[in-house]
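The values are calculated or read from the model by the stated rules, or taken from the named source; none is laboratory data. Source: prediction; values computed, not measured. Cβ: placed from backbone, ideal geometry, glycine included. Neighbour counts: every protein chain shown.
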Amino acid sequence: MEQDGVERLRRWRDEDTGVPPAVGRLSAQLASVERSRTQVRLPLTPELLLPDGRSSGAVTALLADIGLTTSVVASLPDLRGVTTISMTVDHLGLPPAGGHATITCVAGDYVDGGPQHATGVITDDGGVELARVSGWFLPTPAEGLSAERVGLVQEPLAGDLHDLLGVGSANATGFTLVARDALSNALGSLHGGIGALASQLAAEAALEGRVRPLTSTFAFLRPTPRDGRVTVTGTAVRQGRRTASASSAVVGPDDRLVLQCSVVAAVLT
């Protein structure tokens, strides 16, 4: 039987087959899937909080990548995968410290060989909008092994976001990130959503005081290396009294730039 992207996602949902390891590890659930439309729910467990117990807009970026890519997969006439090209997150509020965040996404019409656009809205359990998101994505050949992987990654819950990433908390503006199985995509390299999460964390950490992200943009320049090891560095661009901006870079072991992130934030008094 010929299979398409909707059928592939239904197997994710119903059989735990072909689920990207990072998606399964975080217990993100595909709540609904139809042609070019998906809904994903992410449980907001304590491991998605900062070490001081605060919530982070970086988790919103993580969910944005997971949700938007599923909607593009659902638009495909075959079993190809999807690579993120760029993504924008307009933060309307921080995710709560518990419950769930849900992203509802719609992908544009499938165009053979061309980039595809997708948009989405993230809400909390009460239906309050947390973010509006969009991005460009490119269908890519899928390796047969990745589509047939069965089961979810099992490991103990982390203590907080830094523990989940395995980066410690001594210097969150610069760290080495290793894509163990629980942080990887279906091909075994770093999952795009984890890259967005880490890069926004580093950018925000470079700013002084407490901030709330307003807009985050991400440019995915090349695939992460197969060994999954990258260096993430955040830099303050401007620190004002009411607004601030920062950037971060994700670099592979060959010193090639993999991902760039830019964050504009409100300074909290």
Out of curiosity, is residue 182 among the hydrophobic types (A, V, I, L, M, F, W, C), buried (at least 17 other Cβ atoms within 10 Å of the Cβ), assigned to a loop (DSSP other than H, G, I, E, B) and at pLDDT below 95?
-> no
Filtered residues of the range 118-142 (kept if β-branched (Val, Ile, Thr), in a strand (DSSP E or B) and under 27 Å from residue 47 (Cβ atoms)) = 121, 122, 123, 133
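Any idea which residue in the range 213-236 is nearest to residue 134 (Cα to Cα), counting only those that are hydrophobic (A, V, I, L, M, F, W, C) and crowded, with 20+ Cβ neighbours inside 10 Å?
Among residues in the range 213-236 that are hydrophobic (A, V, I, L, M, F, W, C) and crowded, with 20+ Cβ neighbours inside 10 Å, the one nearest to residue 134 (Cα to Cα) is 218.
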When residue 92 is evaluated against the numbered criteria (1) within 14 Å of the chain's Cα centre (by Cα); (2) farther than 19 Å from residue 8 by Cβ, which criterion, by number, is the only one it fails?
-> (1)
What number of residues within the range 237-259 satisfy the criterion of being out of contact with any Lys or Arg (no Cβ under 7 Å at 6 or more places or on another chain) and surrounded by fewer than 18 Cβ atoms within 10 Å (Cβ to Cβ)?
-> 11
